[in-house]
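K.L.:
Take a look at the following structure, please.
The values are calculated or read from the model by the stated rules, or taken from the named source; none is laboratory data. Computed from a predicted structure; not experimentally measured. Because the Cβ atoms are built from the backbone with ideal geometry, glycine has one as well, and the counts that use them run over all protein chains shown. Side chains included, ligands, DNA and RNA excluded: accessible areas come from the protein's heavy atoms. Shrake-Rupley method; radii C 1.70, N 1.55, O 1.52, S 1.80 Å.
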Amino acid sequence: MPKRPLYPEIFLTSLGALLLEIAYTRIFSFKVFYYFTYLVLGTGLLGIGAGGIFVAISARLRREPLERVIALSSIFAGASVLLSYQVVSRVQLNIAEAVDSPLEIGKLVLVSLLLTATFFCVGVIVSSILADAGTESPKLYGADLLGAALGASIAVPLIGHLGPPRTVMLAGFVLALAGLPLARGARDLRGLAFATLLSLLVPAASGLFLPDPVVAKTKSFEDFRNAGVVRFSKWSPVFRIDVADHPFKKGDLYLVFHDGQPGSGLRRYDGDMKPFEYLKTDPRSLPFAVLPEHPKVLIIGAAGGHEVVASLFFRASHVTGVELNPVTYSLLTTVFADVTGHLTEDPRVTLLNGDGRWFLSQSKEKFDLVWFVAPDSYAAMNAATSGAFVLSESYLYTQEMITEALRHLTDAGIVCAQFGELDYDRKPNRTTRYVSTARAAFAAEGVEDFSKHVLVASSPGFPPFKELAVLLGKQAFSPAQVSEFYADLRGIPDSAARFTPGMRMDASPVTRAILTPSAELPAFFERHPYQVDPVRDDAPFFWHFARFADALSRGQGKGFVIDQEDSVAERITVRFLGVVTLLAALLLLLPFFAIRKTVQEMPHKGAVATYFASLGLGFMLVEVSLIQKLTLLLGYPTYSLSITLAALLVFSGVGSILSGRFSWAPARAVFTLLAALVVVVLGAREILPSLVVHFVGSSLGVRVAVALAVVAPFGLCLGAFLPIGLGAVVRLGVSPREYVAWAWAVNGFFSVIASILSTILAMVVGFRALFLVALAVYAVGAFALSRLPAGESPAPSPQS
């Protein structure tokens with residue numbers, strides 16, 4: 001036994017692990033796509049659980065002094081970070097082939113194992129400390145959570161300042177540092193520990209020896225990087241920005257890549273509008289064709305400023321541009337300000353760094369045009385769970401957002417949404433879903449005939465896309481406005497009107513979504529091959545067009561088309577669920593065969609397994625729902641990640657520490673906690689939407705305070721469940737070290753599954769329903785724990 005409780009060791013280990021996890025999610029979002037971040041969270045939980053299993057089954061490990069186990073594991077954790085990044089950054093994972101190709105699946109397994117190795121060491125450290133903690137387990141578990149909270153708090157600013165690769169190295173340094181005090185007492189480990197720390201500190205501090213991650217073949221950025229035409233690169237917590245020369249317009253046009261994909265452009269502008277005469281025959285002219293002269297414009301997703309210049313070209317009186325990514329914002333304000341003519345210094349232009357939904361919620365201004373310029377959620381509007389688990393969501397396309405935009409229009413104002421369609425003729429999914437959502441928003445405002453308030457047109461876009469423009473009028477479009485719309489379309493080559501008021505019903509899903517009688521709409525949505533029904537804040541998965549069953553079966557017999565936009569993501573998600581479940585079974589369950597006799601002697605295994613499985617599943621369900629719901633309040637996804645998660649972990653740590661007062665009566669304690677959790681969850685479901693609406697326009701400090709007040713009761717309840725369960729297992733008196741490690745592994749196994757399953761469930765039933773599912777799961781766990789023998793009340797002590 002160590003001479004002191006190992007609070008610094010478990011604190012630093014958890015800090016480094018969470019910092020590493022968040023940094024890697026940013027790297028995988030750049031390398032592949034957002035849903036590959038599922039891999040990071042799953043392998044992190046898997047590795048921690050596998051480490052717990054190893055603690056339980058390794059007789060040799062149990063014979064080693066605890067100080068030496070932790071010192072060695074810390075050194076190995078740091079060394080594995082150094083090695084794994086060198087491999088992971090260079091392996092090209094190709095999303096289009098990852099579903100079926102054995103080679104790509106092999107790469108996926110290799111990357112998973114490399115990531116798992118580090119978190120395996122973390123699991124060994126945490127499980128070893130908790131297994132030998134005895135009465136100190138609640139406080140040590142609290143230190144574990146507080147370390148993770150600090151990691152979540154500093155991850156976002158570190159990624160913004162250092163970039164994810166250097167943050168990965170810093171996380172490895174922290175992991176190795178956790179074991180240094182114990183390694184200094186062993187001659188054979190002291191030199192190895194210092195060498196590992198130095199090997200991590202140099203790249204963390206300087207960026208030396210850190211290869212830039214290779215992106216998937218489907219992302220064109222790699223071609224530009226190989227051609228040597230990239231002029232600027234910078235990471236941010238939102239997404240990475242790279243600026244490269246346009247291959248045919250060098251010096252006059254720069255391409256801006258968002259996480260490795262072309263997202264916008266920077267056009268040379270010096271105040272002279274003659275080079276922009278082409279805008280008269282460009283789809284950007286469409287909203288201005290139906291607006292009064294000198295409109296006041298709000299642009300959501302200002303990006304490279306092209307639409308800002310277009311608005312000035314069409315004689316806007318003032319243009320307000322809102323851009324989420326601070327790096328993209330800096331392109332116009334400083335980095336490429338000379339190229340874009342110092343647009344932000346023009347008195348007619350106001351550029352803001354923030355989220356469009358937050359801006360509208362706190363602004364009292366009225367605009368003639370609210371312009372959504374493809375602010376796609378693939379990169380720009382992310383939310384995350386404990387590992388920056390990025391969901392495929394967007395609050396910019398929901399019914400509530402459209403309602404908010406309409407309320408900021410002048411009487412003659414319009415909303416314009418423009419985005420690309422990959423295959424409009426066969427599946428105009430984006431356009432259909434957007435007009436369906438807009439129809440629901442107008443109906444909620446009392447508009448009976450939506451068809452008089454909508455104009456839709458298509459024009460050629462960046463091949464193979466078509467560019468769609470959907471115009472929504474606060475008032476019904478007049479015949480004169482419709483005529484101007486057609487006149488403008490005639491000047492745009494190969495453009496076409498897809499819907500205008502009075503257009504006859506045809507077979508197009510867009511037209512049917514607009515004109516189908518309200519009573520028949522549910523049947524239309526049910527029969528349609530894709531999900532194109534209205535999107536609400538509770539399940540803001542605008543891009544989730546393919547039902548999971550259809551994606552897996554390829555929609556045979558339903559006219560379903562598989563492509564990288566709207567089916568592969570669902571198939572990859574389910575594939576990840578299968579892969580991590582299989583790996584979890586192999587790494588977390590199969591090893592117990594080696595100590596099957598000890599396991600057989602463990603009493604009440606079914607009840608214990610049910611309890612810790614419930615905690616693993618339930619905590620993730622609550623976590624995903626809570627962080628997602630608070631994204632709206634905090635305004636920025638990165639704020640939601642750092643503030644909500646850190647607060648949840650801090651208050652969970654406090655709950656863990658306080659749980660020691662009630663550990664002598666676990667059944668009574670968990671039922672009390674369950675009752676409290678019921679009150680907290682049901683209260684949050686009813687009150688949280690109103691809190692968001694009321695406080696979303698307040699100052700950041702007020703919104704943070706409200707978020708903390710919401711998170712605090714959740715954390716206090718959730719943090720107490722696990723240490724109470726661990727204490728109950730120890731009091732069973734049979735192989736307590738192995739039993740605690742086994743319980744920890746069961747918890748990890750179901751956390752791994754829940755990391756992906758929670759998002760699938762959210763896509764199907766919504767976040768409010770996830771809260772209720774989590775309650776049911778915790779109830780099952782509480783009843784399972786009540787089946788264990790009651791413990792004896794301890795003698796009073798000054799600490800209690």
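K.L.:
From the list 691, 673, 700, 677, pick out the single residue that is open to solvent by 10 Å² or more (accessible area, probe 1.4 Å) and farther than 29 Å from residue 359 by Cα.
P.N.:
Going through 691, 673, 700, 677 in turn, the sole match is 673.
K.L.:
Out of all the residues in segment 242-263, which are free of Cβ contacts under 8 Å to residues at least 60 places away in the same chain and open to solvent by less than 30 Å² (accessible area, probe 1.4 Å)?
P.N.:
The first filter runs over segment 242-263 and keeps only residues free of Cβ contacts under 8 Å to residues at least 60 places away in the same chain, leaving 242, 244-253, 255, 257.
Across segment 242-263, the qualifying residues are 242, 244, 245, 251, 253, 257.
K.L.:
Moving to a separate point now. Is at least one residue of segment 160-181 free of Cβ contacts under 8 Å to residues at least 40 places away in the same chain, assigned to a helix (DSSP H, G or I), open to solvent by 40 Å² or more (accessible area, probe 1.4 Å) and not polar (S, T, N, Q)? Let's see the steps before the verdict.
P.N.:
Step one: filter segment 160-181 for residues free of Cβ contacts under 8 Å to residues at least 40 places away in the same chain, giving 161.
From what's left, assigned to a helix (DSSP H, G or I): 161.
Filter once more, keeping what is open to solvent by 40 Å² or more (accessible area, probe 1.4 Å): 161.
Next, only the ones that are not polar (S, T, N, Q) stay: 161.
Yes, because at least one residue in segment 160-181 is free of Cβ contacts under 8 Å to residues at least 40 places away in the same chain, assigned to a helix (DSSP H, G or I), open to solvent by 40 Å² or more (accessible area, probe 1.4 Å) and not polar (S, T, N, Q).
K.L.:
Looking only at segment 250-264, count every residue that is among the charged types (D, E, K, R) and under 11 Å from residue 340 (Cα atoms) and tell me the total.
P.N.:
Start the filter on segment 250-264 by keeping residues that are among the charged types (D, E, K, R), which leaves 250, 252, 259.
Then drop every residue that is not under 11 Å from residue 340 (Cα atoms), which leaves 252.
The number of residues fulfilling the criteria is 1.
K.L.:
Can you name the residue in segment 401-418 that is touching a strand residue (DSSP E or B) at 6+ places or on another chain (Cβ under 6 Å) and part of a strand (DSSP E or B) and, of all such residues, is surrounded by the fewest Cβ atoms within 10 Å (Cβ to Cβ)?
P.N.:
Going through the qualifying residues, I end up with 410.
K.L.:
What's the number of the condition residue 532 fails, among (1) modelled with pLDDT of 90 or more; (2) outside any helix (DSSP H, G or I); (3) open to solvent by 30 Å² or more (accessible area, probe 1.4 Å)?
P.N.:
So the condition that residue 532 fails would be (3).
K.L.:
Here's another thing I want to ask about it. Select from segment 205-224 the residues that are closer than 19 Å to residue 249 by Cβ and open to solvent by 60 Å² or more (accessible area, probe 1.4 Å) and list them in ascending order. Give the derivation first.
P.N.:
Narrowing segment 205-224 to residues closer than 19 Å to residue 249 by Cβ: 220-221, 223-224.
Once the filter is applied, which keeps residues that are closer than 19 Å to residue 249 by Cβ and open to solvent by 60 Å² or more (accessible area, probe 1.4 Å), segment 205-224 yields only 223.
K.L.:
Check residue 710 against each of (1) open to solvent by 50 Å² or more (accessible area, probe 1.4 Å); (2) in a helix (DSSP H, G or I) and name the one condition it does not meet.
P.N.:
Going through (1) open to solvent by 50 Å² or more (accessible area, probe 1.4 Å); (2) in a helix (DSSP H, G or I) one by one, residue 710 breaks only (1).
K.L.:
If I filter segment 670-694 down to residues being small (Gly, Ala, Ser) and out of contact with any Pro (no Cβ under 8 Å at 6 or more places or on another chain), which single residue comes out as farthest from residue 538 (Cα to Cα)? Spell out the reasoning first.
P.N.:
Of the residues in segment 670-694, the ones small (Gly, Ala, Ser) are 675-676, 683-684, 690.
Subset that is out of contact with any Pro (no Cβ under 8 Å at 6 or more places or on another chain): 675, 683-684, 690.
Working: 675: 25, 683: 16, 684: 13, 690: 13 Å.
Among those that are small (Gly, Ala, Ser) and out of contact with any Pro (no Cβ under 8 Å at 6 or more places or on another chain), it is 675.
K.L.:
What do you reckon, is residue 306 open to solvent by 10 Å² or more (accessible area, probe 1.4 Å), on the phi > 0 side of the Ramachandran plot and in contact with a Ser or Thr (Cβ under 8 Å, 6 or more places away or on another chain)? Talk me through it step by step, then tell me what you get.
P.N.:
Numbers: open to solvent by 10 Å² or more (accessible area, probe 1.4 Å): yes; on the phi > 0 side of the Ramachandran plot: no; in contact with a Ser or Thr (Cβ under 8 Å, 6 or more places away or on another chain): yes.
No.
K.L.:
Among the numbered criteria (1) open to solvent by less than 80 Å² (accessible area, probe 1.4 Å); (2) touching a residue at least 40 places away in the same chain (Cβ under 8 Å), which one does residue 518 miss?
P.N.:
(1)
K.L.:
Scanning for something closer than 20 Å to residue 74 by Cβ, in contact (Cβ under 8 Å) with a residue 12 or more places away in the chain, of a type in the set (A, V, I, L, M) and open to solvent by less than 30 Å² (accessible area, probe 1.4 Å), does segment 187-196 turn up at least one residue?
P.N.:
Looking for residues that are closer than 20 Å to residue 74 by Cβ, in contact (Cβ under 8 Å) with a residue 12 or more places away in the chain, of a type in the set (A, V, I, L, M) and open to solvent by less than 30 Å² (accessible area, probe 1.4 Å), one finds at least one in segment 187-196, hence yes.
K.L.:
Can you name the condition, by its number, that residue 239 falls short on among (1) open to solvent by less than 30 Å² (accessible area, probe 1.4 Å); (2) of a type in the set (Phe, Trp, Tyr); (3) without any contact (Cβ under 8 Å) to a residue 12 or more places away in the chain?
P.N.:
If we test residue 239 against (1) open to solvent by less than 30 Å² (accessible area, probe 1.4 Å); (2) of a type in the set (Phe, Trp, Tyr); (3) without any contact (Cβ under 8 Å) to a residue 12 or more places away in the chain, just (3) comes out false.
K.L.:
I need the full set of residues from segment 270-290 which are open to solvent by 20 Å² or more (accessible area, probe 1.4 Å), more than 26 Å from residue 324 (Cα to Cα) and not aromatic (Phe, Trp, Tyr), in order please.
P.N.:
Residues of segment 270-290 that are open to solvent by 20 Å² or more (accessible area, probe 1.4 Å), as a first pass: 270-275, 277-278, 280-282, 284, 288-289.
Retained after the next criterion (residues that are more than 26 Å from residue 324 (Cα to Cα)): 272-275, 277-278, 280-281, 289.
If the condition is that a residue be open to solvent by 20 Å² or more (accessible area, probe 1.4 Å), more than 26 Å from residue 324 (Cα to Cα) and not aromatic (Phe, Trp, Tyr), then 272, 273, 274, 275, 277, 280, 281, 289 are the ones that fit.
K.L.:
Going by what's in this entry, would residue 494 be described as out of contact with any His (no Cβ under 6 Å at 6 or more places or on another chain) and either within 14 Å of residue 416 (Cα to Cα) or in a loop (DSSP other than H, G, I, E, B) (or both)? Even if it seems obvious, please write down each step before you answer.
P.N.:
Working: out of contact with any His (no Cβ under 6 Å at 6 or more places or on another chain): yes; either within 14 Å of residue 416 (Cα to Cα) or in a loop (DSSP other than H, G, I, E, B) (or both): yes.
The answer is yes for residue 494.
K.L.:
A further question follows. I need the full set of residues from segment 453-473 which are open to solvent by 40 Å² or more (accessible area, probe 1.4 Å), touching a residue at least 60 places away in the same chain (Cβ under 8 Å) and within 17 Å of residue 509 (Cα to Cα), in order please. Walk me through how you get there before you give the answer.
P.N.:
Of all residues in segment 453-473, those open to solvent by 40 Å² or more (accessible area, probe 1.4 Å) come to 460, 462-467.
Cutting the leftovers down to touching a residue at least 60 places away in the same chain (Cβ under 8 Å) gives us 462, 467.
Once the filter is applied, which keeps residues that are open to solvent by 40 Å² or more (accessible area, probe 1.4 Å), touching a residue at least 60 places away in the same chain (Cβ under 8 Å) and within 17 Å of residue 509 (Cα to Cα), segment 453-473 yields only 467.
K.L.:
Next question. Inspect segment 503-515 for any residue being part of a loop (DSSP other than H, G, I, E, B), at positive phi and either touching a strand residue (DSSP E or B) at 6+ places or on another chain (Cβ under 8 Å) or not hydroxyl-bearing (Ser, Thr, Tyr) (or both) and give the result as yes or no. Steps first, please.
P.N.:
Here is the first cut: in segment 503-515, the residues part of a loop (DSSP other than H, G, I, E, B) are 503-508.
Now restrict to residues that are at positive phi: none.
Scanning segment 503-515 turns up no residue that is part of a loop (DSSP other than H, G, I, E, B), at positive phi and either touching a strand residue (DSSP E or B) at 6+ places or on another chain (Cβ under 8 Å) or not hydroxyl-bearing (Ser, Thr, Tyr) (or both).
K.L.:
Can you tell me how many residues within segment 108-136 are farther than 27 Å from residue 576 by Cα and surrounded by fewer than 24 Cβ atoms within 10 Å (Cβ to Cβ)?
P.N.:
Residues meeting the conditions: 5.
K.L.:
Additional query: Could you please find all residues in segment 428-452 being assigned to a loop (DSSP other than H, G, I, E, B) and either surrounded by 24 or more Cβ atoms within 10 Å (Cβ to Cβ) or without any contact (Cβ under 8 Å) to a residue 12 or more places away in the chain (or both)? Outline the logic, then answer.
P.N.:
Taking segment 428-452 and keeping what is assigned to a loop (DSSP other than H, G, I, E, B), we get 428, 445-449.
Residues satisfying the conditions are 428, 446, 447, 448.
K.L.:
Failed condition for residue 68, given (1) in contact with a Ser or Thr (Cβ under 9 Å, 6 or more places away or on another chain); (2) modelled with pLDDT of 90 or more; (3) not polar (S, T, N, Q), with all others met?
P.N.:
Evaluating residue 68 over (1) in contact with a Ser or Thr (Cβ under 9 Å, 6 or more places away or on another chain); (2) modelled with pLDDT of 90 or more; (3) not polar (S, T, N, Q) leaves (1) as the failure.
K.L.:
Give me the pairs, please: first residue somewhere in segment 64-91 and more than 18 Å from residue 202 (Cα to Cα) and open to solvent by 20 Å² or more (accessible area, probe 1.4 Å), second residue anywhere and at pLDDT below 95 and of a type in the set (Lys, Arg), beta-carbon distance under 7 Å, and either six or more positions apart or on two chains.
P.N.:
Matching pairs, first to second residue: 91/107.
K.L.:
Looking at residue 312 and the list (1) over 26 Å from residue 402 (Cα atoms); (2) surrounded by 18 or more Cβ atoms within 10 Å (Cβ to Cβ), which single condition is not satisfied?
P.N.:
For residue 312, the failing item is (1).
K.L.:
More than 25 Å from residue 142 (Cβ to Cβ), modelled with pLDDT under 75 and surrounded by 19 or more Cβ atoms within 10 Å (Cβ to Cβ): does that describe residue 576?
P.N.:
yes
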